[in-house]
Amino acid sequence: MKVSTSDKIIDSFIILLVAVASFICLVPILHLVAVSLSSNAAILSNKVTVFPVEWSTMAYETVFKDAKMVSSLFFTILLVTVFTVVCMVMTICAAYPLTKKRLKGRDFFLVIIVFTMFFSGGLIPEYLLVKSLKLTNTLWALVLPGMINAFYLVILKSFFASIPEELEESARIDGSSHFGTLFRIVLPLSLPVLATLSLFYAVGRWNGFMDALFYITNQDLYPIQLKLYQLVISNQMSDATATEGMNATAPIPESLKAASIMFATIPILLVYPWLQRYFISGIMVGAVKG
């Protein structure tokens, strides 16, 4: 099919627009990378833009030598993994029955779930509940309160409801149980939405630190974002001290914060391309089946 000149112009304009928007989104990240890899003198003299000036890995060396930062990273990976698995299991178990019209009280349960999207019990009752259950200073204080996101549950329920009911009826005729139908028919056809919601849960947990600020006082259980928060707070320096850093062998706070942010950001960024492969394969499976 021959492409007309006007279509080529429109395509070129769209590509240029997307490229400019992508660059604008990348500028803050590039600046952080440049600051983390630049010398103290270059940072204090505001010479750093999106490219490192006078290369220095001193900030990263300081971050990697911090045993608490590294242990916090591994704890956060464990926390995100447990949180994502628990949340997806609970969300699937709640969403699948709600797609069945024969479920008694289905509308009532849906109203209760949607109600929580607009109103919550509040921070203090939630804290008192977690404390009364003796969950403070445990991993479960960061997992159990957020097990089910009502918005994600509604999304998953809608996707399950879009799967032709004839497929499940065929499975039941072949003797499949409810769990068998769920695991063999429904979930394989739902890979795109499962991958997307898993990513949402994982990223939300990775970036969250407010609940850890309330529930965790044991430094061995600090998530990486809480460590970053404390680093930013504790590294507030006076201008005189910062100026002194030009001749010091230690990295200045701005460089250290940039390196720490990249240290905490890169692992979750690596998840995206891994899940992107599943997005594409899941969509292709849906297209072939459809």
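On the stretch given as the range 33-53, residues that are under 13 Å from residue 253 (Cα atoms) and open to solvent by 40 Å² or more (accessible area, probe 1.4 Å) total 1. Every test in (1) open to solvent by less than 70 Å² (accessible area, probe 1.4 Å); (2) more than 18 Å from residue 102 (Cβ to Cβ) is passed by residue 168 save one, and that test is (2). Determine, yes or no, whether residue 116 is in contact (Cβ under 8 Å) with a residue 24 or more places away in the chain and in a loop (DSSP other than H, G, I, E, B). In short, no. Right, residue 18: modelled with pLDDT of 85 or more and open to solvent by less than 50 Å² (accessible area, probe 1.4 Å) or not? Judged against the criteria, residue 18 is not a match.
Just a yes or no: is a residue in the range 124-131 of a type in the set (Asp, Glu) and either touching a helix residue (DSSP H, G or I) at 6+ places or on another chain (Cβ under 9 Å) or surrounded by 13 or more Cβ atoms within 10 Å (Cβ to Cβ) (or both)? Yes, the range 124-131 contains a residue that is of a type in the set (Asp, Glu) and either touching a helix residue (DSSP H, G or I) at 6+ places or on another chain (Cβ under 9 Å) or surrounded by 13 or more Cβ atoms within 10 Å (Cβ to Cβ) (or both).
As a summary of the residue check, residue 87 satisfies the conditions (1) over 23 Å from residue 197 (Cβ atoms); (2) surrounded by 14 or more Cβ atoms within 10 Å (Cβ to Cβ) except for the one numbered (1).
Looking across the range 101-119, just one residue is surrounded by 10 or more Cβ atoms within 10 Å (Cβ to Cβ), of a type outside the set (Val, Ile, Thr) and within 24 Å of the chain's Cα centre (by Cα), and that is 117.
In this structure, residue 62 does satisfy being among the polar types (S, T, N, Q), open to solvent by less than 100 Å² (accessible area, probe 1.4 Å) and either at pLDDT below 85 or assigned to a loop (DSSP other than H, G, I, E, B) (or both).
Specify the residue that is nearest to residue 109 (Cα to Cα); the eligible residues are those in the range 145-164 that are open to solvent by less than 100 Å² (accessible area, probe 1.4 Å) and without any contact (Cβ under 8 Å) to a residue 40 or more places away in the chain. Selected residue: 150.
The values are calculated or read from the model by the stated rules, or taken from the named source; none is laboratory data. Not measured: the values here are computed from a predicted model. Reconstructed Cβ throughout: ideal geometry from the backbone, glycine too, with neighbour counts over all protein chains shown. Each accessible area value is taken on the protein alone, full model and side chains, heavy atoms only, with ligands, DNA and RNA left out. Shrake-Rupley method; radii C 1.70, N 1.55, O 1.52, S 1.80 Å.
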